[in-house]
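What follows is one structure encoded as C-alpha cells, with my remarks underneath.
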Amino acid sequence: MQQPIETDHVVHHGTLHILLLLAVQDKKDFYRFHSAIMEPWDGPALVTFTDGRYLGATLDRNGLRPGRYYITHSGRVIMASEVGVVDVPAEDVARKGRLMPGNIFLLDFDEHRVVEDAE
C-alpha cells in the first residue's frame with residue numbers, strides 16, 4: 001500500500017524539492033530519488049556519543065570538516081566545526097586543538113579529564 005509523504009516533517013529545501021518529494025510514492029522510490037541528489041560526503045561533520053560517564057566525538061566517515069575545540073579554565077569544553085561559534089575570552093582558554101581524522105575526542109566525567117587519543 002502506498003503511503004503519502006507527510007510534509008510537516010520535511011526540512012525546507014525549496015518548493016521544487018517539496019513538490020518532488022510529494023511525487024515519490026514509496027520508500028524505495030524515496031531512497032532511489034535521493035541517491036541521485038546526495039553526494040557521498042553529505043552528512044554530519046561530527047558524530048558525538050555518550051554513556052553518561054564518557055562523552056566522545058569523532059569525525060564523519062570522510063573527515064572533511066574539522067572538529068575544533070576549546071577547553072577553558074572555567075571548566076567548559078566547546079567543540080564545533082568552526083572556531084568562533086561561542087565567544088571565549090582568550091584568558092579563559094586553557095587548551096585548544098583540532099580533532100584529526102581517525103582520532104576520538106573523549107571526556108571522562110568521573111575523572112574530570114580529557115582522555116588522550118593515545119590511551
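For this structure, a couple of remarks:
- Global geometry of the stretch 70-119, whether rounded, prolate or oblate, following the gyration tensor of its Cα atoms and the 1.5 cut on a/c: oblate
- FRET efficiency, 1/(1 + (r/R0)^6) with R0 35 Å, evaluated for residue 83 and residue 36 via beta carbons: 0.50
No lab work stands behind these numbers, since they all come straight from the coordinates. Nothing here was measured: the structure is a model prediction, and the numbers come from that model. No Cβ is skipped: glycine too gets one built from the backbone with ideal geometry, and neighbour counts run over all protein chains shown.
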